[in-house]
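In what follows, a single structure is set out as structure tokens and then discussed.
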Number of protein chains: 2
Amino acid sequence: MGLQVMERQKSKKNYHHGDLRSALLRSARALLEQQGISALGLRAITRHAGVSSAAAVPHFGNLAGLLSALATTGHEELAAALEPVLEIGAHAAGLVYVRFAIHNPGLFTLMFRSDVIDRGDRPLAAASARTSHMLTRLIGNMTDHQPQRTRSGIRAAHWGKVHGLAVLAIDGLLDPLLSSQGEDMSLEDLLDDALR
Amino acid sequence: MGLQVMERQKSKKNYHHGDLRSALLRSARALLEQQGISALGLRAITRHAGVSSAAAVPHFGNLAGLLSALATTGHEELAAALEPVLEIGAHAAGLVYVRFAIHNPGLFTLMFRSDVIDRGDRPLAAASARTSHMLTRLIGNMTDHQPQRTRSGIRAAHWGKVHGLAVLAIDGLLDPLLSSQGEDMSLEDLLDDALR
DNA sequence: AATAAAACTTATCAATGACAAGATATCGCC
DNA sequence: GGCGATATCTTGTCATTGATAAGTTTTATT
């Protein structure tokens, strides 16, 4: 019995790799954050995981499937990070959103690259919708309603601002704003200010 | 003499194509808006223009060079569209920004795809800076200064909001917000509301 | 008119994603 | 406990891609 378990563990770790699916996702993420999205080739990922280039097929079908699964984990992580701060307010939630993007630039970018991921992928759509739902709850919690504006308008405005700041920050496009007239500020401070 | 001119015109248009550079940019743009960024291969572009696959080299060096040139024209167009409305105010300028994105989704997306364009490209950097400069002028024109906020913060906030709305709208991620509780609104109305 | 330079084509190369066919391990069932 | 079915993984191959070197044709210079 103990032996059986050992053997299972061993075979799980070795030949049939046991959980190649997770291993591939980890490899993909490592490559993503180290070398950017363009390094996310099917061959590069499988090479990094130490398996043959066709090993991903049973688990993901094709490259888009693999990347969609990776993007799904990203949405789940973002939603998990957002959830605890929803009650605190829009400012706090916005900061969490942007911080997630800055700390996982590759993953965050991938999550919105419709040309390399498969938006029809069920788990991805579900995770994406869950993240989106956070926004709805956030606006629902907001106390100061502006009666002349649509609820959808407020949601779009908030999401747009937060998302735009995240995208621009990742691309380094906010850097020139950090040093204005001799004064230098940190990116964190700029974002904090921008989100007020 | 007339014959000479004719011959020049003919040779200019035909064999050495005369202005293959512009022709390639037009082909690239056509493919971009018809089939998306993933259709922007070197071979697809040259095929569309009716020349061999290596014909782009003298003009652009490589694919990234060609796409950078295309992105440059995008920044120039955006800046040109923005300039006349800067004095009107942030709301009008924001609408112009987002409308440009929606009407040229492929081009706008390309302008911010740092992995396929070459940010070191001189003309691109110049055009990009010019667009960026519009934002600065816009904020400079704003009358209601909020003293507690940094100028950079205000700039980042405005750019982020506008840019984020553009990106989300292009990806179709704002569509679910259009129909809330039975009421339907147009994307244009939503953006107008969100930008207030 | 002759020579230099630029534009363009052809041919080739390494690398990619997908896929079919085969080998090998796991699982369900008896 | 073993055997057949199934899933996993490898190997080999294919069409396609971007880049580049070598050769050809046009344009520019003098």
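Quick check, is A:R119 more than 21 Å from B:G160 (Cα to Cα) and more than 12 Å from every other protein chain (Cβ to nearest Cβ)?
Numbers: more than 21 Å from B:G160 (Cα to Cα): yes; more than 12 Å from every other protein chain (Cβ to nearest Cβ): no.
No, not satisfied.
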Of the candidates B:L32, B:L42, B:L25, B:L66, the one satisfying the condition of being surrounded by 15 or more Cβ atoms within 10 Å (Cβ to Cβ) and more than 15 Å from DNA strand C (Cβ to nearest atom) is B:L32
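Filter region B:150-160 down to the residues that are at the interface with another protein chain (Cβ under 7 Å from one of its Cβ atoms) and either open to solvent by 40 Å² or more (accessible area, probe 1.4 Å) or of a type in the set (A, V, I, L, M) (or both) and list them by number. Steps first, answer last, please.
Looking only at region B:150-160, we keep the residues that are at the interface with another protein chain (Cβ under 7 Å from one of its Cβ atoms), and these are B:150-153, B:155-157, B:159-160.
Scanning region B:150-160 gives B:T150, B:R151, B:R155, B:A156, B:A157.
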Based on this model, can you work out whether B:V57 counts as more than 24 Å from B:I102 (Cα to Cα), surrounded by fewer than 17 Cβ atoms within 10 Å (Cβ to Cβ) and touching a residue at least 12 places away in the same chain (Cβ under 8 Å)? no
Residues that are open to solvent by 50 Å² or more (accessible area, probe 1.4 Å), of a type in the set (S, T, N, Q) and in contact (Cβ under 8 Å) with a residue 24 or more places away in the chain: does region A:124-145 have at least one? yes
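Within region B:163-187, track down each residue that is more than 18 Å from B:F112 (Cβ to Cβ), open to solvent by 40 Å² or more (accessible area, probe 1.4 Å) and either touching a helix residue (DSSP H, G or I) at 6+ places or on another chain (Cβ under 8 Å) or among the aromatic types (F, W, Y) (or both). Full working, then the answer.
Of the residues in region B:163-187, the ones more than 18 Å from B:F112 (Cβ to Cβ) are B:175-187.
So of that shortlist, the ones also open to solvent by 40 Å² or more (accessible area, probe 1.4 Å) come out as B:175-176, B:179, B:181-187.
B:D175, B:P176, B:D184, B:M185, B:S186, B:L187 - these are the residues of region B:163-187 that are more than 18 Å from B:F112 (Cβ to Cβ), open to solvent by 40 Å² or more (accessible area, probe 1.4 Å) and either touching a helix residue (DSSP H, G or I) at 6+ places or on another chain (Cβ under 8 Å) or among the aromatic types (F, W, Y) (or both).
For region B:45-54, name all the residues that are within 8 Å of DNA strand C (Cβ to nearest atom) and surrounded by 15 or more Cβ atoms within 10 Å (Cβ to Cβ). Write out each step before concluding.
Initially, region B:45-54 is screened for residues within 8 Å of DNA strand C (Cβ to nearest atom), giving B:46, B:50-54.
B:T46, B:V51, listed by residue number.
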B:G89 fails exactly one of (1) at pLDDT below 95; (2) open to solvent by less than 60 Å² (accessible area, probe 1.4 Å); (3) within 9 Å of chain A (Cβ to nearest Cβ), namely (3)
By residue number, the members of region A:150-166 that are among the hydrophobic types (A, V, I, L, M, F, W, C) and at pLDDT below 95 are A:I154
Practice problem: Please verify whether region B:107-114 includes one or more residues that are among the polar types (S, T, N, Q), within 10 Å of chain A (Cβ to nearest Cβ), surrounded by fewer than 19 Cβ atoms within 10 Å (Cβ to Cβ) and assigned to a helix (DSSP H, G or I). | Solution: no
key: Residue in region B:137-148 that is at pLDDT below 95 and at the interface with chain A (Cβ under 9 Å from one of its Cβ atoms) present   = yes
For region A:118-162 the number of residues that are part of a helix (DSSP H, G or I), farther than 16 Å from B:A169 by Cα and in contact with a Ser or Thr (Cβ under 6 Å, 6 or more places away or on another chain) is 3
Within region B:72-106, residues free of Cβ contacts under 8 Å to residues at least 24 places away in the same chain and not in a helix (DSSP H, G or I) come out as B:I88
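If a residue must be within 7 Å of another protein chain (Cβ to nearest Cβ) and in a helix (DSSP H, G or I), how many such residues does region A:163-175 contain? Break it down into steps so the answer makes sense when it comes.
Going through region A:163-175, the residues within 7 Å of another protein chain (Cβ to nearest Cβ) turn out to be A:163-165, A:167-168, A:171, A:174.
Among the residues that remain, those that are also in a helix (DSSP H, G or I) are: A:163-165, A:167-168.
Qualifying residue count, region A:163-175: 5.
The values are calculated or read from the model by the stated rules, or taken from the named source; none is laboratory data. On a predicted model such as this, the values are computed, not experimentally measured, just so you know. Quick reminder, even Gly has a Cβ in these numbers, built from the backbone with ideal geometry, and neighbours come from all protein chains shown. Surface accessibility is based on the protein's heavy atoms, side chains included, excluding ligands, DNA and RNA. Shrake-Rupley method; radii C 1.70, N 1.55, O 1.52, S 1.80 Å.
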